[in-house]
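K.L.:
Let me give you the structure first, and then I'll get to my questions.
The values are calculated or read from the model by the stated rules, or taken from the named source; none is laboratory data. None of these values were measured; they are calculated from a predicted model. Note that each Cβ is placed from the backbone with ideal geometry, even for glycine, and that neighbours are counted across all protein chains shown. Side chains are part of the model used for accessible areas, which takes the heavy atoms of the whole protein and leaves out ligands, DNA and RNA. Shrake-Rupley method; radii C 1.70, N 1.55, O 1.52, S 1.80 Å.
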Amino acid sequence: LNSRQTLQTLAAAQVSYETQERALRLRQLTEQQQTQRWYNRVLGSTVAVLALGLLFSTYLYRNLRRSRSALAANNQALKQVSAELRSVAVSKDKLYAIVAHDLRGPVTAFSGVTSLIDSYIAQNDQAGLARLPALVRQVSESLNHLLDNVLNWAVSQTGELECRPTPLLVSELFAECQALYQTTAAASWQHITMASPPGLRLLADRNMTRTILRNLVGNALKFMPAGGHVYLEAAPDPDDPRMVLL
């Protein structure tokens, strides 16, 4: 009887132990499962945050590249505008210099007319006095013509008018330039002689060629003493028939 009771007690104790052991194991598995779920949720949240951060970083990087491209384009446009402004300033200074140089001749011619008036009155030269209105008219026409040429040259320097070479008769260019400075030369008792073969032509822009001739003759008269003689001659280049020597 004792042995049977002992066996029964042992069996009951073993069943109770196994039951408790299973309950403990089940509780541990449940806790592990809950912990794993929490870890998965934390991991998912972390991945989502990292993904959002990556997307936001990509967005910022694209905006930064776009901003850099726009800044580079603005800098390029600013450099181009600055270069254009510098070019306009240079053209403006050049225009002022040309206008001042070219207008000096006709203005000096008007001053020369006053000198001629004093000279003719002192010499009682009635024929000379009678020629003065024609001289004044000639100087006025030359001044108007010169202003037209300077304005055309200014337009060409701004890029709105292209250089257009055309066949030009050298004798006509010489005659026009000589008429422009004849009164200026006469006021200082200077003489101008221009010679070219009949029918000699050159291929050049009319306004630019006029400016070159005015500069040559105007500087020659300016730095030549009273009573001097300016001689300008044109001839074909023997080495190149297409060129004209001056």
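K.L.:
Could we say that ARG210 is open to solvent by 50 Å² or more (accessible area, probe 1.4 Å) and not aliphatic (A, V, I, L, M) here? Please lay out each step first, then the result.
P.N.:
Numbers: open to solvent by 50 Å² or more (accessible area, probe 1.4 Å): no; not aliphatic (A, V, I, L, M): yes.
So ARG210 fails the test.
K.L.:
Identify the single condition in (1) acidic (Asp, Glu); (2) surrounded by 12 or more Cβ atoms within 10 Å (Cβ to Cβ); (3) modelled with pLDDT under 85 that GLU172 does not satisfy, given that it satisfies every other one.
P.N.:
(3) is the only condition that GLU172 fails.
K.L.:
Which of the residues belonging to the stretch 218-244 are of a type in the set (A, V, I, L, M, F, W, C), within 14 Å of GLU176 (Cβ to Cβ) and touching a residue at least 60 places away in the same chain (Cβ under 8 Å)?
P.N.:
ALA234
Conditions tested, residue by residue: (1) within 60 Å of the chain's Cα centre (by Cα); (2) assigned to a helix (DSSP H, G or I); (3) of a type in the set (S, T, N, Q).
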site	(1), (2), (3)
ALA11	no, yes, no
SER16	no, yes, yes
GLN20	no, yes, yes
GLN33	no, yes, yes
VAL42	no, yes, no
ALA51	yes, yes, no
ARG66	yes, yes, no
LEU71	yes, yes, no
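K.L.:
Let me ask something else. Restricting to the stretch 174-209, name every residue that is touching a residue at least 24 places away in the same chain (Cβ under 8 Å), aliphatic (A, V, I, L, M) and part of a helix (DSSP H, G or I).
P.N.:
Listed by number, the residues that qualify are ALA179, LEU180, ALA185, ALA186, ALA187, MET208.
K.L.:
Quick check: is even one residue across the stretch 228-243 under 21 Å from SER115 (Cβ atoms), at pLDDT 80 or above, among the hydrophobic types (A, V, I, L, M, F, W, C) and not in a strand (DSSP E or B)? Walk me through how you get there before you give the answer.
P.N.:
Narrowing the stretch 228-243 to residues under 21 Å from SER115 (Cβ atoms): 228-230.
Then drop every residue that is not at pLDDT 80 or above, which leaves 228-230.
Keeping just the survivors that are among the hydrophobic types (A, V, I, L, M, F, W, C) gives 230.
After this cut, where a residue has to be not in a strand (DSSP E or B) as well, the list is none.
No: the stretch 228-243 contains no residue that is under 21 Å from SER115 (Cβ atoms), at pLDDT 80 or above, among the hydrophobic types (A, V, I, L, M, F, W, C) and not in a strand (DSSP E or B).
K.L.:
Which residue out of THR58, THR6 is open to solvent by less than 80 Å² (accessible area, probe 1.4 Å), modelled with pLDDT under 80 and not hydrophobic (A, V, I, L, M, F, W, C)?
P.N.:
Of THR58, THR6, the one residue that is open to solvent by less than 80 Å² (accessible area, probe 1.4 Å), modelled with pLDDT under 80 and not hydrophobic (A, V, I, L, M, F, W, C) is THR6.
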